[in-house]
Amino acid sequence: MTRTMAMALIFAVLATGAYGQEAAERYIPIGQSPGVSGKSSYLGPVRNVSMSAGTLTVLEDGVTRIVKVTDQTRIYQDYSAKQRSNGIGGLGDCRIGRTVEIKFIDAARRSEAEWIKVRMNGP
């Protein structure tokens with residue numbers, strides 16, 4: 001096998017692994033996402049929702065944070081506490097008081113959501 005072919009194979013395997021995690025994310029319960037939960041995500045209650053602005057307000061470590069939700073943000077409904085299959089949701093599922101886990105596009109800035117999981121057994 002040539003070096004070029006070997007490198008292409010390595011990149012293909014790495015890309016497949018990243019895609020696999022992304023594709024499976026909807027099925028992973030809130031707070032249990034490997035390498036994300038407790039490291040580069042927020043877990044807590046929604047304080048406010050602005051449908052018109054496409055934002056969620058959360059309180060993280062005593063700081064009010066407004067998180068942008070875009071058309072690319074994936075929102076998952078977490079029904080694991082009810083022992084039901086998780087689903088695909090929308091910003092309307094992010095109601096005040098519901099627990100969410102938010103993975104940020106930029107973990108340092110924490111301003112725009114890559115994905116949001118919403119615990120569906122809340123208010």
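No lab work stands behind these numbers, since they all come straight from the coordinates. Just so we're clear, the structure is a prediction, and the values are computed from it rather than from any experiment. Don't worry about glycine lacking a Cβ; one is built from the backbone with ideal geometry, like all the others, and counts go over all protein chains shown.
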(request) Between the alpha-carbon centers of segment 44-61 and segment 77-100, tell me the distance in whole angstrom. (result) 15 Å
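Which order do peptides 73-81, 37-45 fall in by mean Cβ count within 10 Å, highest first? Write down the numbers at each step before the final one.
Working: 73-81: 18.9, 37-45: 15.7.
Per-residue Cβ counts within 10 Å, averaged per peptide and sorted highest first, yield 73-81, 37-45.
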(request) Starting from the Cα of residue 107, step 7 Å along the direction of its Cβ; do the same at residue 72; then give the gap between the two resulting points in nm. (result) 1.9 nm
(message) Can you compute the modelled spin-label distance between residue 82 and residue 39, with each label point 7 Å from Cα toward Cβ, in nm?
(response) 3.1 nm
